[in-house]
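Novice: Take a look at this one; I'll ask things after.
Only the coordinates and a few stated rules stand behind these numbers; no lab work does. No experiment lies behind these values; they were computed from the predicted model shown. Here the Cβ positions follow ideal geometry from the backbone for every residue, glycine too, while neighbour counts run over all protein chains shown.
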Amino acid sequence: MSITLSSINELSAAIRRASHVEFGSFVLGGGPVRDALAAAAERGADVDVVLALRPYATGADGARENAGSAEILRDAGAHVTLMHGRATWFHVKGAVCDGVAYLDDRNFPRADQTVLRDDDPNDVALVSAAIHGTGTTSPTLATEKDDALWQEANLIRGATGKPVIVETETFGPGIVSSALRLHAQSGAPTTLIVSPEFAGKPQTRAMLDGMRKAGVEVHETGSSEKCALAGDTVWVGSANASFAFGDAGKQIDWGVVTREPPVVDAVRAALARDLGADALRASS
């Protein structure tokens, strides 16, 4: 698997020059990526976009934003699908531009976020399938939530005695919370960052109180990154460290474990921004 660090600017440039673009996102608002998709379609590129019809937990705002983006992109000449049926479980953020895949951990909102580039043909095929609503089990790139979180949990389990830091937008019961609890109870430094937007919800609050009692250092801050750091290895994905059983586990998502130095450095930088450089050093 050939994974390298990319950026929103690089992705936008790739879209603008591509002849064939496949693109999927949970929510897509205005910004450089939507502008690039429209520009590519206007110049005659084959642009195929999939968005969630009713993105869950966004109220009416997410559906309205996706409907607006769909109208703009269709007017530019793109083919746009607002996915329903399994749309409740469509959470991937990815693109394929002329045979190269790009993966984002959020919804392509701005430049300061983690974007990966992957040119391995097998992975590109997985991303293409995920964009169109089909997750696949793979030993490399996970495109379903349960597989992605198994990767993250296995990274934590394998870091015996070593510091681990996890950041997530939402948090709930599951294999990642169990792995974090056991890691902390073993005496190893264990840090969890949860978005303040969700940390105050009653069910999440109870979970976080339990994690603190188990010895996890919990911070209610951050910018909704979804990543884990253990030494020189990171997990990056779009899957939140929350419930992933039954249908929820088959949510279309992505996750990957890598030691690629620029990607590890980018995750460290994101954690330093969200946790604070001094706290990051103390935690790792």
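Novice: Going toward the positive end of the dipole of the chain, with +1 on Lys and Arg Cβ and -1 on Asp and Glu Cβ, which of Asn66, Leu180, Val115 do you reach last?
Specialist: Final value for the positive-end residue is Leu180.
Novice: Counting alpha carbon pairs within less than 8 Å and at least 6 residues apart, what relative contact order, in whole percent, applies to the stretch 29-172?
Specialist: Contact order relative to length: 17 percent.
Novice: For the chain, what does the helix formula give at 222 nm: sum of -39500 (n - 2.57) over DSSP H segments with n ≥ 4, over the residue count, nearest 500 deg cm²/dmol? Before the final figure, lay out the partial values.
Specialist: Working: 10 runs with 113 residues, N = 284.
Value at 222 nm, helices only: -12000 deg cm²/dmol.
Novice: Comparing Thr170, Thr114, Thr58, which has the greatest mean-square fluctuation in the GNM of the chain with Cα pairs linked when under 10 Å apart?
Specialist: Per the Cα network of the chain with a 10 Å cutoff, Thr58 tops the list.
Novice: Let me ask you something else. In terms of the Cα gyration tensor, with a ≥ b ≥ c the square roots of its eigenvalues, is the stretch 1-157 rounded because a/c is under 1.5, prolate because a/b exceeds b/c, or oblate?
Specialist: oblate
Novice: Got a sec? How would Trp254, Trp235, Trp89 order by Cβ neighbour count within 10 Å, fewest to most?
Specialist: Ordered from fewest to most neighbouring Cβ atoms within 10 Å, Trp254, Trp235, Trp89 come out as Trp89, Trp235, Trp254.
Novice: Can you compute the charge dipole magnitude of the stretch 190-239 about its Cα centre, using +1 on each Lys and Arg Cβ and -1 on each Asp and Glu Cβ, nothing else charged? Give it in debye, rounded to the nearest 20.
Specialist: For the stretch 190-239, the charge dipole is close to 220 debye.
Novice: What shape does the stretch 144-283 have by the C-alpha gyration tensor, where a ≥ b ≥ c are the square roots of the eigenvalues, rounded means a/c under 1.5, and otherwise prolate means a/b greater than b/c and oblate the rest?
Specialist: In terms of gyration-tensor shape, rounded.
Novice: Going by how many other beta carbons lie within 10 Å of each one, how would you line up Val256, Val236, Val264, fewest first? The partial results should precede the final answer.
Specialist: Numbers: Val256 23, Val236 31, Val264 18.
The most exposed by this proxy come first: Val264, Val256, Val236.
Novice: About the Cα centre of the chain, what is the dipole size in debye to 20, counting +1 per Lys and Arg Cβ and -1 per Asp and Glu Cβ, all else neutral?
Specialist: Around 660 debye, computed over the chain.
Novice: Which angle from 0 to 90°, rounded to the nearest 10, does the C-alpha axis of helix 175-185 make with the longest principal axis of the chain?
Specialist: Long axis of 175-185 versus the principal axis of the chain: about 30 degrees.
Novice: Over the chain, calculate the relative contact order: mean separation of alpha carbon pairs under 8 Å at least 6 apart, over the residue count, as a percent.
Specialist: 20
Novice: Considering amide H positions built from the backbone, and no H for Pro or chain starts, which residues 5 or more places from Ala239, or on another chain, come under 5 Å of its amide H?
Specialist: Trp254
Novice: Just rank Arg16, Arg212, fewest to most, by other beta-carbon atoms within 10 angstrom.
Specialist: With the sparsest Cβ surroundings first, the list reads Arg212, Arg16.
Novice: Can I ask one more? With +1 on the Cβ of every Lys and Arg and -1 on the Cβ of every Asp and Glu, and nothing else charged, how large is the dipole of the stretch 1-113 about its Cα centre, in debye rounded to the nearest 20?
Specialist: Charge dipole, the stretch 1-113, about its Cα centre: 160 debye, nearest 20.
Novice: Using Cα pairs closer than 8 Å and at least 6 residues apart in sequence, work out the relative contact order for the stretch 144-283, in percent.
Specialist: This gives 33 percent for the stretch 144-283.
Novice: Here's something else I'd like to know. Choose one of Pro163, Val47, Ser25: the residue whose Cα lies farthest towards the positive end of the charge dipole of the chain (beta-carbon charges +1 Lys, Arg; -1 Asp, Glu; about the Cα centre).
Specialist: Pro163
Novice: Taking amide hydrogens as modeled 1.01 Å from N in the peptide plane, which residues meet the under 5 Å criterion relative to Val47, leaving out close sequence neighbours?
Specialist: Val21, His79
Novice: Next up: Please state the shape class of the stretch 1-59: rounded when a/c is under 1.5, otherwise prolate if a/b exceeds b/c and oblate if not, all from the C-alpha gyration tensor. Write out the running numbers ahead of the final one.
Specialist: On the way: a/c = 1.86, a/b = 1.29, b/c = 1.44.
Since a/c reaches 1.5 but b/c is at least a/b, the shape of the stretch 1-59 is classed as oblate.
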